[in-house]
Each structure stands twice: as C-alpha cells, then as structure tokens.
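Any read-out appearing in this document is the output of simple, stated calculations on the displayed coordinates, not a laboratory observation. All figures in this text were calculated on a predicted structure; none of them were measured in a lab. Reconstructed Cβ throughout: ideal geometry from the backbone, glycine too, with neighbour counts over all protein chains shown.
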Amino acid sequence: MKIFCRLFLFTFAIGAFAQDLASQGAQITVIRAGTLIDGRSDKPRRDQVIVTRGNRIESVSDSATATIPPGATVIDLSQSTVLPGLIDSHTHIFLQGEDPAHGGYDANILNAPLALRAARATVAARRALEQGFTTLRDVETEGAGYGDVGIKQAIEGGYIPGPRLFVSTRAISTTGGYPLEGYAPELDMPKGAQIVDGPVEARKAAREQLDHGADWIKVYMTHRSWVGKSGELVSQPTLTVEELRAIVDETHGWGKKVACHAYSGIGLHRALDGGCDSIEHGLDLDDAAISQMLKQGTWYVPTLSVYYTDWAPADTDAGKRDRLRASVHEPSFRKALKAGVKIVFGTDMGGIPWTEPVAQEFSRMVEFGMTPMAAIQSATSRAATMLEMDGKIGVVAPGAYADITAVNADPLRDIKALEKVAFVMKDGQIFRSKQQ
Ligand SMILES: [Zn+2]
C-alpha cells in the first residue's frame with residue numbers, strides 16, 4: 001500500500017511536469033528554409049516553410065503556398081541550407097581523447113572522480129548538440145558504469161542541454177579483452193568494460209545492463225590488433241559465438257539491439273555468426289563478411305576518421321599497425337559501399353577530443369566514395385532506421401520531432417560546410433542561432 005501511494009505521488013509529479021512542458025511547448029516557430037535537405041529525399045528543395053508546434057514538426061510546404069500561423073516566431077534561414085538534426089551513432093561522452101600527456105586512457109579510470117567524469121560528459125553532450133548533433137548513440141562509458149543513463153536522465157529532465165541519447169552503459173568483453181591492462185597480475189584492476197566468461201555470465205551481464213537502462217548492448221568482439229606474418233591485420237578475438245549468442249538472444253528478447261566492435265578475422269566472423277546488429281569499425285571486411293552483412297541486414301558504422309589520429313611513430317610495431325588499420329579501412333569502406341551494405345555515420349568522438357568537429361567524419365566518407373547526400377542520410381534517416389526512430393528523427397517532415405539544423409553554405413557542394421553549424425533546434429527549442 002505504501003508503495004502504491006508513493007507510486008501515485010510520483011506519477012502525479014511526472015504528470016504535472018509533463019503538463020508544464022506541454023504548455024511551454026505549445027510555442028509555434030516558423031523556419032524559412034532557403035534550401036531544405038530533408039534527410040530522406042534524394043534532392044534538396046528550395047524555399048520551404050517549416051512550422052513547428054511544441055516539440056514536433058507540424059508542416060513543411062513551399063513558401064509560395066505556406067500560411068504563417070498567427071503568433072509564430074519566424075526564423076529566417078532563407079540564405080541557409082536546413083537539415084534534420086544530425087545523428088552520431090558511435091560516441092563516448094565519457095572519454096576526452098585520452099591524450100597520453102594527460103595520463104591516457106588509464107588516468108580516466110584510476111584518477112578521475114566519477115563527478116569529474118560526469119561533468120566532462122555533460123560538456124561533451126553540449127558540444128555535440130551545439131554542432132547540430134541532436135541524437136547520439138553513445139556506445140559505452142569506459143569504466144564510468146551507468147553514468148550515461150544519468151546523463152540521459154539529466155538531459156530529458158531539462159537539467160542540462162544535450163542530444164537525445166541512446167546509451168549502452170558498461171559494454172561487455174572477456175578476460176584479456178579490455179583495459180586496464182599491463183599491471184602486476186596480483187592486482188585486481190578495474191576494467192573499462194564488464195568482463196564475462198561463458199554464456200551464463202554473458203547473458204547475466206546483458207540482463208544487468210538492460211535492467212539498468214541500456215538502450216543498446218555494446219560488445220567487444222576483438223581487442224588487440226597487430227601486423228601479421230603476411231602483412232595482414234590480425235585482431236585478437238574475444239567472445240565465442242556461444243557467448244555472443246547468449247547476449248544477442250537476451251537483448252533481442254528485450255526488443256533491443258547489439259552493437260559489436262569488430263576489426264577483422266575470427267572476431268569479426270564470430271560477430272556476424274552470433275547475430276550482431278551493427279558492426280562498429282569493421283576495419284578489414286573480407287568478401288564473406290560483406291555478403292553475410294548484406295544477407296543479415298547488418299549495419300556498418302565504420303568510424304573512419306579516428307583511425308587517422310594518434311599514430312605511434314612509423315618505425316614502431318604500434319606505428320606500423322596504426323598505419324595498416326587506416327590503409328585496410330578505406331578499401332573495406334569502398335567495398336561495403338559498392339555492395340550496398342547499410343552504412344551509418346559514427347565518429348568515435350571521445351576517442352577524438354570533443355574539442356574537434358564531430359562532422360569531420362563526413363569528409364572521409366565523401367573522400368572514400370560516398371556522395372554528400374548519402375553521407376548526410378547516413379547521419380539522418382538511415383541512422384534513424386537503425387535506432388528504430390523512423391519518421392521521428394533524422395527527417396524534416398510532419399510528425400517528426402523538431403530537431404533541425406542549418407548551415408550557411410551548400411554541404412552538397414562542400415561537405416565541410418557541416419562543420420560550421422549556424423542553427424540548432426532540438427525538440428522545438430533553439431540551442432544555437434545566428435539570429436541570437
Ligand atoms: Zn568506440
């Protein structure tokens with residue numbers, strides 16, 4: 001009974017809060033778009049009028065026929081290209097670039113109080129939003145536990161500005177499959193992912209993470225990589241197919257999906273045999289992997305740019321490996337693109353410092369053969385489909401959330417234009433405007 005009363009009060013409080021939001025949200029905004037790339041259509045449209053009411057897009061029409069609702073706030077973007085809010089499907093808001101001069105990856109886990117990590121994640125989320133990324137799929141907290149669930153709640157509660165977050169909490173790997181490593185074996189070191197061995201532990205970890213708010217489950221299917229005897233990229237596999245199947249089976253049962261970090265070889269093939277929904281990085285995709293991805297409808301989130309950063313010196317083993325990673329990635333991307341694999345925009349921001357432009361990944365995608373329009377769609381409607389948010393995000397169309405961004409140059413002519421966002425609206429609320 002006591003529980004019932006508390007539940008009732010809680011529901012009432014939420015109801016009042018929601019009502020509050022609704023009355024605030026009744027605001028009507030009209031955006032005059034000089035050019036509209038709606039995220040779904042293959043061609044841009046000129047002189048469009050977008051009406052948003054509250055947190056939704058109400059209508060999109062030609063300016064010649066559009067009626068401006070009375071009392072609407074008018075935003076003039078008639079000299080700009082308007083697009084849906086962008087979606088980055090591979091980020092780590094709890095990482096900061098991990099500069100070795102600042103202690104690298106390990107310092108984050110060994111030295112940083114959780115509150116510091118949360119504060120930095122808060123800044124990372126804001127930076128993404130200010131750059132027009134209104135949705136992130138954040139693929140694990142790197143030792144910060146369920147911190148991403150907390151940041152998501154803070155954003156949804158209106159405490160801090162930030163994108164819509166799809167979070168994957170702790171991630172899963174195996175013994176020997178994730179840092180911290182290289183310490184004395186007598187020490188029981190914390191790990192940047194939840195370590196499991198055997199299908200029972202694997203399923204239990206997935207259950208725990210789903211229970212505590214994971215929207216996706218992230219699994220590391222490969223760990224260390226090096227240059228093999230014939231100059232090929234070799235990756236150490238982690239989970240077995242049986243372990244992965246337990247996770248995928250459990251996660252799919254909850255109506256959720258599994259993202260798998262997989263570079264090449266045995267681990268990549270186990271990822272596909274075990275039923276991963278998305279392959280992250282996929283540095284060296286052989287023909288068999290590509291045809292299996294096509295057959296299974298597997299998403300591919302290549303994260304190209306990050307493999308061009310922080311190379312070790314050329315004459316070291318690590319340096320040779322770093323260069324090999326980048327050199328096999330390009331042909332993998334080109335082959336996947338040509339074959340029609342479903343490619344989704346992802347950056348690995350966090351691996352890249354959050355001070356750098358999130359949109360830099362677009363340039364690599366276009367350089368490696370994607371059309372600017374397809375690259376934009378990979379960060380809008382296609383990502384929305386992967387996230388099962390079709391028609392709700394990644395598109396400027398009636399009924400979608402009012403997540404809208406704009407740039408002052410033509411990204412179809414110069415994709416780098418997306419690195420300089422002039423306007424950002426999320427949920428009908430303006431976070432950045434050249435008019436302000
Ligand atoms: Zn990553």
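Quick look at the numbers
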{"item": "Residue with peak Gaussian network fluctuation, the chain [Cα springs, cutoff 10 Å], from 293, 389, 370", "result": "389"}
{"item": "Computed [θ] at 222 nm, deg cm²/dmol, the chain (DSSP H ≥ 4; -39,500 (n - 2.57); rounded to nearest 500)", "result": "-10500 deg cm²/dmol"}
{"item": "Between 0 and 90°, nearest 10: helix 199-211 axis offset from the chain longest Cα axis", "result": "20 degrees"}
{"item": "Percentage relative contact order, segment 110-201, counting C-alpha pairs under 8 Å, at least six apart", "result": "27 percent"}
{"item": "Cα long-axis angle, helix 317-339 against the chain (0 to 90 degrees, to the nearest 10)", "result": "50 degrees"}
{"item": "Lys/Arg +1, Asp/Glu -1 at C-beta; segment 219-362 dipole; positive extreme among 253, 309, 291", "result": "291"}
{"item": "Shape call, segment 271-325: gyration tensor on alpha carbons, a/c limit 1.5", "result": "prolate"}
{"item": "Mean Cα-pair separation over length for segment 257-410, i.e. relative contact order, pairs under 8 Å, 6 or more apart, %", "result": "17 percent"}
{"item": "Highest-MSF residue in the chain out of 44, 69, 237 [GNM, Cα springs under 10 Å]", "result": "69"}
{"item": "Given the chain, longest segment not containing exposed loop GluC sites (Glu not before Pro) (DSSP; at most 16 other Cβ within 10 Å)", "result": "1-180"}
{"item": "Extended-chain gain in nm, criterion 0.36 nm per residue less alpha-carbon gap, residue 295 and residue 184", "result": "35.5 nm"}
{"item": "Chymotrypsin sites (Phe, Trp or Tyr not before Pro) within segment 94-161, DSSP loop, no more than 11 other Cβ atoms inside 10 Å", "result": "159"}
{"item": "Sequence-distant residues sharing a close amide H with residue 197 (under 5 Å, placed H)", "result": "202"}
{"item": "Whether segment 67-190 is rounded, prolate or oblate, judged on the alpha carbon gyration tensor where a/c under 1.5 counts as rounded", "result": "prolate"}
{"item": "Hull-based mean projected area of the chain, where the convex hull spans the alpha carbons, in square nanometres", "result": "23.3 nm²"}
{"item": "Kirkwood-based shape ratio for segment 381-436, expressed as Rg/Rh from alpha carbons", "result": "1.01"}
{"item": "Two-site label geometry, residue 410 and residue 73: point separation in nm, points 7 Å out along Cα→Cβ", "result": "3.1 nm"}
{"item": "Whole-number D in µm²/s for segment 314-436 (Stokes-Einstein; Kirkwood sum over Cα pairs; 4 °C, 1.567 mPa s)", "result": "80 µm²/s"}
{"item": "Range in the chain, longest, excluding exposed trypsin sites (Lys or Arg not before Pro) [loop by DSSP; at most 12 other beta-carbon atoms within 10 Å]", "result": "1-228"}
{"item": "Size of electric dipole in the chain: Cβ of Lys, Arg +1 and of Asp, Glu -1, about Cα centre, debye, nearest 20", "result": "1040 debye"}
{"item": "For residue 219, residues with placed amide H under 5 Å, excluding near neighbours", "result": "172, 259, 260, 261"}
{"item": "Distance (nanometres) between label positions extended 7 Å along Cα→Cβ at residue 65 and residue 312", "result": "6.2 nm"}
{"item": "Segment 267-336 and segment 94-134: distance between their alpha carbon centers, rounded to Å", "result": "25 Å"}
{"item": "Choice from 234, 82, 74 showing the highest fluctuation, given a GNM over the chain with Cα pairs closer than 10 Å", "result": "74"}
{"item": "Potential lengthening between residue 356 and residue 371 on full extension [0.36 nm per residue; Cα-Cα distance subtracted]", "result": "3.1 nm"}
{"item": "Whole-Å semi-axes of segment 43-134's equivalent ellipsoid (Cα gyration tensor)", "result": "42, 14, 10"}
